[in-house]
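Undergrad: Can you read through this structure? Questions will come right after.
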Amino acid sequence: MKRIESRSINKLIESPMTATPQSARFSVSLIFLIYGTLIGSYLPYLPFVKDRFGIGESAFSMGFLFGAFGALASLPLAPWIIKQIGTRKAILLMSLLYLSTVGFMMAAPSFALFLVLFLLVGLTISTWEIAVNSQASAIEDQMGRPVISSIHGFWSLGTFIGTAAMAGWLALKLNGLWLILGLIVLGFLALPTVYGGLLRREQIPAESTAKPQPLKLRYMLYPPLIAIAFYMVAGYMLEGTFQDWGALLIRELMLGRGAEIVPERLWSLLPVQEADLRRRAAVSGAVALAFFTGTMTIGRLSGDFVIARIGRAGTLQIGGIIAVIGIVLVYLPSHQLLTFIGFACVGLGTANIVPQVIKTADSTPGLPAGVAISIITAVGFVAFLGGPVTIGFSGEHYGFRVTFLTLAIFPLVLALTAGLLLRWFERGRKDRLQAETTD
């Protein structure tokens, strides 16, 4: 039996078939869908995990800090791994490690174990992000038209499916952990299909021809990359905060600040009205996340069409304005439906920040192939996990409504500067390419 399994694994890894850009696009979209669905399912479940440990928001945010440490550790490690085994095998390896870890993290009996597992999750998913975005960028180059936003759209589609599924699951008063574990099993079953369709190493010039390049300080201090890194931080900060703390914001709005921490297993001991209110707050948190991820899905799936007509700068500027409006709606004391609409506006407004920054960074002149994506992706994912640490601390001390309002500075700056910055970057890129051609 073991010999048969070994032959099957070797056959999977050493498959000689050559992938097409179309099959690779399907595979990358599918793995984005898998990750998005799983993450979307456990985001609304995080308040239950926090209450299980009996800790406040500041302490619980340490989990995100450990995840950020893992993502930061991947900055020098991920390019080395990818150069050794290629993006295709890196995606498979990191997916196996991530799916094996995240279920234990959600079921961790102690906060200390939760922190250790979150560190591993940050390390694996950040390395995975670098590898999968390298594949997505190569696919867009080979297809000769914008596709990276629609590929990222499947992540958002997955988070919408996951949050909507968890909302229904919690409404039925079922244990959310079982849904998460079921999705992990489905993820394992889909990995052979994903792996079989990815581009091989020899099909990606950056992998097959470029020599391994260590990350040097001068690469990280390259001015165009620093400027674009702000947009990456803005995009991931907004995504991470609304996804990680959105459910707790809704709970604060419904239960009030400083509501007593009561683990779900003890809700049956509460007065019926209070127990029902806590259940409705949990469901409403999942619904708000579904609004956020649903409009983000629409924005990304339609992003390639929009960008082809009004350009990257125009898309980011309009998106920034929509996101600012959404954050203001979330802040204003109003009907819950307007809060949901606010979540929807932020999801739509931030939809194309991350994929377009990744594609812009990939064409950075003067940097070795793949280095810019490694730096930008790792920096962004540190913001995705590390940013919510400050949000959790601020939310516990000043309230999540006020804390979320301060996030408006990110899309506001983006809306005001995207046109100037991207035009400057594009002009510099063309000048450098012309100089290289002349030489």
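Undergrad: Expressed as a rounded percentage, what relative contact order does the range 228-336 have, with Cα pairs under 8 Å and six or more residues apart?
TA: Here the relative contact order equals 27 percent.
Undergrad: Hey, can you rank 166-173, 298-305, 261-268, 119-126 by average C-beta count inside 10 Å, highest first? Spell out each step's value before the answer.
TA: Details: 166-173: 17.4, 298-305: 19.8, 261-268: 13.1, 119-126: 23.6.
Result, highest mean first: 119-126, 298-305, 166-173, 261-268.
Undergrad: Also: Which whole-number percentage describes the relative contact order of the range 26-165, with Cα contacts under 8 Å and a sequence gap of 6 or more? Can you show the working numbers first?
TA: On the way: 159 pairs, mean separation 70.2, N = 140.
Normalised by residue count, the contact order of the range 26-165 is 50 percent.
Undergrad: At what distance in angstrom do the alpha carbon centres of the range 73-129 and the range 133-181 lie from each other?
TA: The two parts, judged by their Cα centres, are 18 Å apart.
Undergrad: With each pseudo-label sitting 7 Å past Cα toward Cβ, what's the I261-I310 distance in nm, one decimal?
TA: 4.4 nm
Readers should treat all values here as calculations from the given coordinates under stated rules, not as data from a laboratory. These numbers were taken from a predicted model, which means no experiment stands behind them. Counting neighbours? That spans all protein chains shown, and the Cβs are built from the backbone with ideal geometry, glycine included.
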